[in-house]
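The next block holds one structure in the form of structure tokens; read it before the comments.
The values are calculated or read from the model by the stated rules, or taken from the named source; none is laboratory data. Computed from a predicted model, the values in this text were never measured in an experiment. Here the Cβ positions follow ideal geometry from the backbone for every residue, glycine too, while neighbour counts run over all protein chains shown. For the accessible areas, the whole protein counts, side chains as well, though only heavy atoms, and no ligand, DNA or RNA atoms are used. Shrake-Rupley method; radii C 1.70, N 1.55, O 1.52, S 1.80 Å.
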Amino acid sequence: MTTTAPQVGKDSGRKRGGVLGNTGLYIAVSVAALLFLLPFYLILRNSLSTDPEITGENWKLLPSFQWGNISELFDDPTVDFARSMWNSTVIAVSMTVGTLLICSLAGYGLARIPYRHANKVFYVVLATLMVPTAVTFVPSFVLVSSLGWIDTYRGLIIPGLFSGFTCFLFRQYFLGFPKELEEAARVDGLGYWGAYWRIVVPNSLNFFAAMATITFISGWNAFLWPLVIGQDPSSWTVQVALSSFMTNQTVNFHLIFMATAISILPLVFVFLFLQRWLVQGIAQTGIKG
């Protein structure tokens with residue numbers, strides 16, 4: 001009789017505390033989501049507005065829906081934006097495929113193939129991460145220029161195919177990959193290449209998807225190297241084309257925002273397509289030696 005009432009009080013107090021805690025969590029998540037979506041709202045709102053509506057004092061929540069800004073962007077005689085989108089797509093896709101192939105093979109070799117100098121090679125790869133990009137920028141440009149790769153896809157893609165950080169992540173992941181699967185493959189007569197291609201890759205799609213997402217975004221957002229190598233307007237990427245709408249004399253705000261809204265669509269599609277593998281792949285890096 002004396003112990004039932006306090007127990008009921010404790011249970012009700014826990015329930016109230018749980019409800020309040022969940023409510024606070026939902027409020028915090030909602031506020032964070034609004035803050036995250038605010039830049040996207042501003043991009044969409046300004047992309048469908050005129051310059052006076054963007055910079056004027058009478059700011060409105062909704063745009064005037066200037067759909068003609070889209071045709072104005074693609075019909076601009078000074079910037080071939082469609083060509084820039086195509087260039088960025090070719091560069092980002094090529095860099096993603098090439099980086100995944102080269103870095104995954106390098107990481108697998110460092111993690112699995114017995115070689116007495118494997119650790120030394122790995123330390124050299126890590127040492128490249130400590131070299132600032134500004135130090136290698138000029139020598140890379142001189143080399144690409146001497147090869148005649150200015151204003152070519154080769155000059156824009158090949159120098160960025162290898163990434164020491166991506167190689168490091170692949171090595172750490174393969175160190176945690178179950179060796180039993182590879183040993184069973186070798187019993188069946190497969191070598192290192194066969195085990196890699198038939199066993200390791202099909203069972204590592206989550207991690208490959210995560211690395212593909214990161215590499216694609218990096219290649220798509222690259223600015224400085226495409227700006228220097230792609231000197232002809234026909235070689236401009238999206239990021240270089242965006243900068244052309246802002247000069248010392250004029251700033252076309254509505255075209256900048258419209259170009260920005262269109263340029264982020266491929267990144268959104270890639271992220272939505274690979275999002276379910278992205279978190280799992282990052283969690284599987286292992287970061288252990």
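Restricted to helices (runs of 4 or more DSSP H) entirely inside the stretch 174-258, those with at least 3 residues that are more than 25 Å from the chain's Cα centre (by Cα) are 179-187, 192-195.
Answer with yes or no whether residue 104 is outside any loop (DSSP other than H, G, I, E, B), open to solvent by less than 70 Å² (accessible area, probe 1.4 Å), under 23 Å from residue 263 (Cα atoms) and polar (S, T, N, Q). It is false that residue 104 is outside any loop (DSSP other than H, G, I, E, B), open to solvent by less than 70 Å² (accessible area, probe 1.4 Å), under 23 Å from residue 263 (Cα atoms) and polar (S, T, N, Q). Is one or more of the residues making up the stretch 67-76 of a type in the set (D, E, K, R), open to solvent by 30 Å² or more (accessible area, probe 1.4 Å) and within 20 Å of residue 222 (Cα to Cα)? Checked the stretch 67-76: no residue is of a type in the set (D, E, K, R), open to solvent by 30 Å² or more (accessible area, probe 1.4 Å) and within 20 Å of residue 222 (Cα to Cα). Are there any pairs with C-beta distances below 9 angstrom linking a residue in the stretch 110-123 that is under 16 Å from residue 200 (Cβ atoms) to a residue that is among the β-branched types (Val, Ile, Thr) and part of a helix (DSSP H, G or I), with the two at least 6 apart or on different chains, and if so which? Every condition considered, the pairs that remain are 110/121; 110/125; 112/200.
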